[in-house]
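Student: Attaching a single structure in structure tokens format; questions to follow.
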Amino acid sequence: MALVRLIRAGNAFAKIPLTARNRIIYWTRRFAREIQRGIQADMRQPKTGYWGKKPDGRTPHRHSAPGEAPAIWSGALYNDLNPRYSMGGMRAEIAPRVKSKRGYFYPGALETGTPKLAPRPYLQKGFMRYRDLYKAKIKQILAEDALRK
């Protein structure tokens with residue numbers, strides 16, 4: 001799955017008071033940026049795969065091994081990891097939309113693998129680092145808001 005979502009909810013947010021909602025929006029944006037930075041840092045790490053050449057045919061390039069975050073070739077995937085917000089900022093998605101020259105969904109193929117390409121999970125790993133911290137922060141905000149009533 002090439003989609004990372006911080007909050008999955010329906011109409012439950014309509015019942016959250018404005019002060020708590022603003023704090024949730026702040027923390028959602030903050031965690032989304034931290035996840036983005038973590039994924040990009042993983043992509044910048046030295047790779048242990050085989051040596052090859054970039055598409056220009058001249059520049060040597062070290063490929064990522066299965067299980068590692070993808071190596072940076074053109075920078076398109078790396079630069080497309082920006083969070084996109086919805087639900088008034090209460091939902092954040094980090095879902096690259098880069099397609100290959102042949103038109104297939106390249107980030108999804110890297111994340112889950114294909115018959116010819118072993119998976120190189122990078123989105124799930126980045127999300128899992130912050131999942132428990134994020135859930136705890138949202139619970140804390142909602143508990144503090146309940147105490148104010």
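The values are calculated or read from the model by the stated rules, or taken from the named source; none is laboratory data. Here the structure is a predicted model, which means the values were calculated and not measured. Note: accessible area is taken over every heavy atom of the protein model, side chains too, but ligands, DNA and RNA are not part of it. Shrake-Rupley method; radii C 1.70, N 1.55, O 1.52, S 1.80 Å.
Student: Please report the accessible area of TRP73 (heavy atoms, 1.4 Å probe, ligands and nucleic acids excluded) in Å², nearest 10.
Tutor: 90
Student: Percentage of Cα-Cα pair distances in segment 72-149 greater than 13 Å, rounded to whole percent? Write out the running numbers ahead of the final one.
Tutor: Working: 2303 of 3003 pairs.
Tail fraction, whole percent: 77.
Student: In what sequence, largest accessible area first, do ARG120, ARG62 appear using a 1.4 Å probe? Spell out each step's value before the answer.
Tutor: Values: ARG120 25, ARG62 80 Å².
Largest accessible area first, the residues go ARG62, ARG120.
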